[in-house]
Amino acid sequence: MKQRGFEIAKGWENKDINIPIRKTKSAAGYDFEAAEDITIPSFKKNNLPTLIPTGIKAYMLDDEVLYLYNRSSNPKKKGLVLANSVGVIDKDYYGNPDNDGHIMFAFYNIKDEDITIKKGEAIGQGVFAKYLITDDDNADGVRLGGFGSTDKK
């Protein structure tokens, strides 16, 4: 029985996408790569974050989550910060009807110049974790879409 892991998201097959891996046996995070070349503009007021596609989706058990973190070297070396500080990939994001659960990293570039990320370049890491719920939890909603859809009715 599959418990947790990564797959290529629909539309990204045959595009030479690498499944995230841990580089050392004690690492918590699985390294994600950019699925295509993308330029992140220098930050200006009212800029929206730039979404970097990975071509990856993740499956997991009911009481698990995948947290997305920035690479520790990104802010200093490239000026890249995650727009949401930590990304949260819920179990029901996998296979959703909007984007099949395609994981993307949302970055701002705080440097004075545009930064180009090349396909295959490491951009962040994902850490699977268990989560707890409260005694009076009664969530029964169903995800209706992809990126940013948890609060859609």
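The values are calculated or read from the model by the stated rules, or taken from the named source; none is laboratory data. No experiment lies behind these values; they were computed from the predicted model shown. Heads up, the Cβs are rebuilt from the backbone with ideal geometry, glycines too, and the neighbour counts pull from every protein chain shown.
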Checklist entry - Does the range 97-104 contain at least one residue that is within 29 Å of Ala139 (Cα to Cα), touching a Gly at 6+ places or on another chain (Cβ under 9 Å) and of a type in the set (A, V, I, L, M)? => result yes
Item to check | Cβ pairs under 6 Å, 6+ apart, first in the range 12-31 and of a type in the set (A, V, I, L, M, F, W, C), second surrounded by fewer than 17 Cβ atoms within 10 Å (Cβ to Cβ) | outcome: Ala28/Val127
Checklist entry - Which residue pairs have Cβ atoms under 6 Å apart, sit 6 or more places apart or on different chains, and have a first residue in the range 72-91 that is part of a loop (DSSP other than H, G, I, E, B) and a second that is of a type in the set (S, T, N, Q)? => result Gly79/Asn109
Item to check | Conditions (1) surrounded by fewer than 19 Cβ atoms within 10 Å (Cβ to Cβ); (2) modelled with pLDDT of 95 or more: number failed by Asn109 | outcome: (1)
Checklist outcome for this item: Note on the range 57-99: residues within 12 Å of the chain's Cα centre (by Cα) and among the β-branched types (Val, Ile, Thr) are Val65, Val86, Val88, Ile89
Next on the checklist: Can you find, within the range 34-69, the residue that is nearest to Met1 (Cα to Cα) among those that are among the polar types (S, T, N, Q) and surrounded by fewer than 19 Cβ atoms within 10 Å (Cβ to Cβ)?
Outcome noted: Thr39
Checklist entry - Mind checking which residues of the range 34-59 are over 21 Å from Gly11 (Cα atoms), in contact (Cβ under 8 Å) with a residue 24 or more places away in the chain and of a type outside the set (Ser, Thr, Tyr)? => result Ile40, Pro41, Phe43, Asn47, Pro49
Next on the checklist: Quick check on the range 13-33. Is at least one of its residues over 25 Å from Tyr131 (Cα atoms), within 13 Å of the chain's Cα centre (by Cα) and surrounded by 12 or more Cβ atoms within 10 Å (Cβ to Cβ)?
Outcome noted: yes
